[in-house]
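Report on the following structure.
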4 protein chains.
Amino acid sequence: MADRVETRRERANAEVEFGRIVAFSDGVFSIAITLLVLGLTVPSHGQDFGDALLDERHSLFAYALSFAVLGRFWVAHHGFFGGLASFDGRLIGLNLLYLAWIALVPFTSQLLGDYGSEPLAIIVYAASLGGVMMTFGGKIVYAYRRGLLRAEYREIARNKVAPGTFAAGAIFLLSMPIALISPTAAELSWLLLFTGDRLGELISRPLMDPR
Amino acid sequence: MADRVETRRERANAEVEFGRIVAFSDGVFSIAITLLVLGLTVPSHGQDFGDALLDERHSLFAYALSFAVLGRFWVAHHGFFGGLASFDGRLIGLNLLYLAWIALVPFTSQLLGDYGSEPLAIIVYAASLGGVMMTFGGKIVYAYRRGLLRAEYREIARNKVAPGTFAAGAIFLLSMPIALISPTAAELSWLLLFTGDRLGELISRPLMDPR
Amino acid sequence: MADRVETRRERANAEVEFGRIVAFSDGVFSIAITLLVLGLTVPSHGQDFGDALLDERHSLFAYALSFAVLGRFWVAHHGFFGGLASFDGRLIGLNLLYLAWIALVPFTSQLLGDYGSEPLAIIVYAASLGGVMMTFGGKIVYAYRRGLLRAEYREIARNKVAPGTFAAGAIFLLSMPIALISPTAAELSWLLLFTGDRLGELISRPLMDPR
Amino acid sequence: MADRVETRRERANAEVEFGRIVAFSDGVFSIAITLLVLGLTVPSHGQDFGDALLDERHSLFAYALSFAVLGRFWVAHHGFFGGLASFDGRLIGLNLLYLAWIALVPFTSQLLGDYGSEPLAIIVYAASLGGVMMTFGGKIVYAYRRGLLRAEYREIARNKVAPGTFAAGAIFLLSMPIALISPTAAELSWLLLFTGDRLGELISRPLMDPR
């Protein structure tokens, strides 16, 4: 297969090709977000119907949380592609790696919904969202340092998108050891997602502007 | 992540971005409508094949009803996006909330097909379609009051789309208590969907033009 | 919801809206064709692995047949939309009905694969493909008689597409009673698909140019 | 249905139609790659949760490998369509055949993940990826010999894409008999994928420039 990893292409000169990458990514996002529903289990006929449905409240919580996270990341992803001025083969590769993490969420979300009190289920779920966020952060850092971003998005990426992404990723990764002590505490720690970007700046600054 | 909740963008200046939101929504719709088929169960090998297939008639009814509702709402959704002149971050957020209800329908439709005589299954199904309709109504009210609609769609939204949506939503929500008394009566009440928009106007008018 | 069933729209004036209908239909097609794979069952751990895989040869046959039929109909559907000069709400409705039959194929294909020797499985499969073809034929007849087709596609539709579609539909519908006598004979009768359009012309002519 | 197998169409004159074929193919790719996640099994409630998750490491390996292969082939497929100057009905047919192999991968990948130590599972997986590659190679050879490629892609196709594709296909096909002796050796032989294109040139040269 032809390798064009090295060649940088201006978006303006390759709009059709660029559009296909975007459409493929959007396809994976929309399928993964719609497959989340497969984590909800229709009761089997032996069970008490009311009890079985009540048990699905954990799965419904997992559905809502994962839908919100994937939806939010689709918006961010969408902003990122809107902010690209050019792209290269390595960015396409990074994007595929990122999509591999996105497509994994329906599985880890179902694990969380079915086994929410198991520390291991929480750890796996947090790891998968951490993977989503760290690979997204990786795309931003790569595009920023290689100069692939439009001028007007460059500052937004540096001051808002990257810190927010790394902060969210760090929260999920840090919740993994917490889950070993208390699954509930780990889930509560995810509320820190709403605290803003202070933590993320500590991570993203040295990566984006090294030395 | 960059928040552009506040910024309003003219559609004419952001056609590519607007197109991606539309394509993403269409993707979720087409996937959800195609996943409805997973509610039909292939008989397992121990069962009598004819009897097992006959039992699927409820699931086939649920498939047809849900396909018709999602199809109708896709047409309405499609008209709504065609009628937008501009959009903002909050509308994208509302749209994601709406899609979360759409993507839930394959699950509630399967519940209805497998447990059509259980009041609880009917209540959950009616709640999910009520959620679809109320969040769609919410998008229309928001876009109307914030002035995001094209002039020619504004009157259609006010006089036809919003009343029809709220009427349909009210029918599904009102069928929920009815299901406690009689599941059949609840399902029959859905036939009111074909009675037109009188009920819906009572709801949508005060929301759209308050005071 | 706004009803635009009556209003005819020129494609040239509504290219974006037309494109979305096409994209939505293509989405349903590509999802249904990819979901066919769910008809193949991974052996469970108690079974003999080789035997279980060998049993999947029927499912693989059903997969190949359904993929070929859906693929062929996607090409025809694609030609049909390419041949439209204008469209109206009723055509969109017919198209949704058609898509409801398309989206059913992964279920009936799995039935055929798992129960190929049951007459009932063959009848259900033949009925579902008959439904696909008859609703497709219905779209062509409607568009032809309402004058929605481009001049250059009009003759092709009349002389080739409609006869071919009705011939294929008739073959599947006629195979249903045959399956009651011999499932194998019913499956063999599908080979008539390759005999051309003589039968179909008998059906399509009086429908398209009545009296 | 109208047959246009013989007619060659210039891409420039049929951009919309060409775009739909591309979009349909991309849809099948994005759905198949996202369905790979269904190969990961959520433990059932009787099992030890930690052990059951640990067993999923084989499925996770199959997920990663299949995602990488489908991702890589999507990139190649994407380059191929970018390199087309015209197309005909036979190429669309070949492309559907190719997509039938792509859509099969979620099934064979799940087989590999669940039964990685069974020679037969490895053989089936290798056969399915071999099918992907050989049908992709077939598309390239056909387009090259019929002169459907753009001048600038023609040399790339001949010297890089075709040899790489046939080399990869040959590696998977050759690993099938090896799996009968040692499943592990067969899996290790796939590492040859990274050795470059020498083997593939031996296969693709005589096919592309016969005599």
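For a quick size check, give me the Cα extents of the protein assembly as shown along its three principal axes, largest first, whole Å.
Extents along the principal axes: 80, 80, 56 Å.
Give me the one-decimal Kirkwood hydrodynamic radius in Å for segment B:130-198, with the sum taken over alpha-carbon pairs. The partial results should precede the final answer.
Working: mean 1/r = 0.0773 Å⁻¹.
One over the average 1/r among Cα pairs gives 12.9 Å for segment B:130-198.
Let's see if you can work this out: charge +1 on each Lys and Arg Cβ, -1 on each Asp and Glu Cβ, no other charges. What is the dipole magnitude of the protein assembly as shown about its Cα centre, in debye to the nearest 20?
Values: 72 positive and 76 negative charges, 749 e Å.
Its charge dipole is roughly 3600 debye.
Assuming R0 = 56 Å, can you tell me the calculated FRET efficiency for the pair A:Arg145 and B:His45, based on Cβ-Cβ distance, to the nearest 0.05? Don't skip to the answer; put the middle values down first.
Details: r = 58 Å, r/R0 = 1.04.
The formula returns an efficiency of 0.45 here.
Quick one: if you take sqrt(5λ) for each eigenvalue of the C-alpha gyration tensor of segment C:91-211, what semi-axes come out, biggest first, whole angstrom?
On the way: eigenvalues 161, 55, 19 Å².
Semi-axes, largest first: 28, 17, 10 Å.
Among the lysines, which fall within straight-line cross-link reach of D:Lys139, defined as a Cα-Cα distance under 19 Å, with same-chain neighbours fewer than 8 residues apart omitted?
D:Lys160
Using the beta-carbon distance between D:Leu54 and C:Glu152 and R0 = 60 Å, what value does 1/(1 + (r/R0)^6) give for FRET efficiency, to the nearest 0.05?
Details: r = 63 Å, r/R0 = 1.04.
About 0.45, to the nearest 0.05.
Could you pull the copy-to-copy label distances for D:Leu202, with points set 7 Å along Cα to Cβ, in nm to one decimal and sorted shortest first?
Here D:Leu202 shows inter-copy label distances of 5.8, 5.8, 8.2 nm.
Grab the DSSP H runs of chain C that are 4 residues or longer, score each as -39,500 (n - 2.57), total them, divide by all residues and round the 222 nm result to the nearest 500 deg cm²/dmol.
Numbers: 9 runs with 150 residues, N = 211.
It comes out at -24000 deg cm²/dmol, rounded to the nearest 500.
Mind checking how much accessible area B and C bury in total, 1.4 Å probe, in Å² rounded to 100? Don't skip to the answer; put the middle values down first.
Numbers: alone 11470 and 11510 Å², together 20010 Å².
Summing both chains' loss of accessible area gives about 3000 Å².
Bin width 10 Å, origin at 0, all Cα-Cα pairs of segment D:78-118: what percent of pairs per bin?
Binned Cα distances yield the sequence 24, 35, 22, 16, 3.
With springs only between Cα atoms under 10 Å, which of D:Leu70, D:Leu192, D:Leu120 fluctuates most in a Gaussian network model of chain D?
Taking springs between Cα atoms under 10 Å, the residue moving most is D:Leu192.
Sorted by packing (mean other beta-carbon atoms within 10 Å per residue), highest first, where do C:31-39, C:90-98 land? Numbers along the way, then the final one.
On the way: C:31-39: 25.2, C:90-98: 19.6.
Descending mean neighbour count gives C:31-39, C:90-98.
Given a 1.4 Å probe, how much area per residue of the protein assembly as shown is accessible, in Å²? Walk me through the numbers on the way to the answer.
On the way: 34130 Å² over 844 residues.
Ligands and nucleic acids excluded, the result is 40 Å² per residue.
Counting every Cα pair in segment B:1-87, what percent are over 20 Å apart? Display every interim value, and only then the final one.
Values: 2052 of 3741 pairs.
Every Cα pair in segment B:1-87 considered, those over 20 Å come to 55 percent.
Out of B:Gly19, A:Leu188, D:Pro43, whose Cα points farthest toward the positive end of the dipole of the protein assembly as shown (charges: +1 Lys, Arg; -1 Asp, Glu; placed on Cβ)?
Going by the Cα projections, it comes out as B:Gly19.
How much of the accessible area of chain D, in percent, comes from carbon and sulfur atoms when a 1.4 Å probe is used?
Percent of accessible area from carbon and sulfur atoms in chain D: 62.
Please list, short to long, the whole-number percent of alpha-carbon pairs of segment A:98-164 in consecutive 10 angstrom bins beginning at zero.
21, 36, 24, 15, 3
Calculate, axis by axis, the spread of Cα positions in segment D:48-109 along the three principal axes, and write the results as whole Å, longest axis first.
57, 18, 10
Which of D:Ser182, D:Ser25, D:Ser86 moves most in a GNM of chain D, Cα contacts under 10 Å?
Top of the fluctuation ranking is D:Ser182.
In whole Å, largest first, what are the principal axis extents of the Cα atoms in segment A:1-152?
So the extents along the principal axes, rounded to whole Å, are 61, 34, 28.
Given the options A:His77, A:His45, A:His58, state which has the largest fluctuation in a GNM of chain A using a 10 Å cut-off (strictly under) for Cα springs.
A:His45
Relative contact order for segment A:75-182 using alpha-carbon pairs under 8 Å, separation at least 6, rounded to a whole percent?
Numbers: 97 pairs, mean separation 40.3, N = 108.
This gives 37 percent for segment A:75-182.
Read phi for every residue in segment C:16-23 and hand back ³J(HN,Hα) as whole Hz from Karplus 6.51 cos²θ - 1.76 cosθ + 1.60, θ = phi - 60°, with x for Gly and Pro.
Those phi angles translate into 5, 5, 4, x, 5, 5, 4, 5 Hz.
Averaged over peptide A:152-165, how many Cβ atoms belonging to another chain are found within 10 Å of each residue's Cβ? Each step should come with its number before you reach the end.
Numbers: counts 0, 1, 0, 0, 3, 1, 0, 1, 3, 3, 1, 1, 3, 1.
Taking the mean over all residues of the peptide, I get 1.
State to the nearest 20 debye the size of the charge dipole of chain C about its Cα centre, where the only charges are +1 on K and R beta carbons and -1 on D and E beta carbons.
Numbers: 18 positive and 19 negative charges, 229 e Å.
I would put it at about 1100 debye.
For labels at C:Leu180 and D:Leu193 in the simple 7 Å Cα→Cβ model, what's the distance in nm?
Going by the 7 Å Cα→Cβ label model, 5.3 nm.
The values are calculated or read from the model by the stated rules, or taken from the named source; none is laboratory data. Just so we're clear, the structure is a prediction, and the values are computed from it rather than from any experiment. Cβ coordinates were reconstructed from backbone atoms using ideal geometry, including for glycine residues, and neighbour counts include every protein chain displayed. When the accessible area is computed, the model is the full protein with side chains, heavy atoms only, and any ligands, DNA or RNA have been set aside. Shrake-Rupley method; radii C 1.70, N 1.55, O 1.52, S 1.80 Å.
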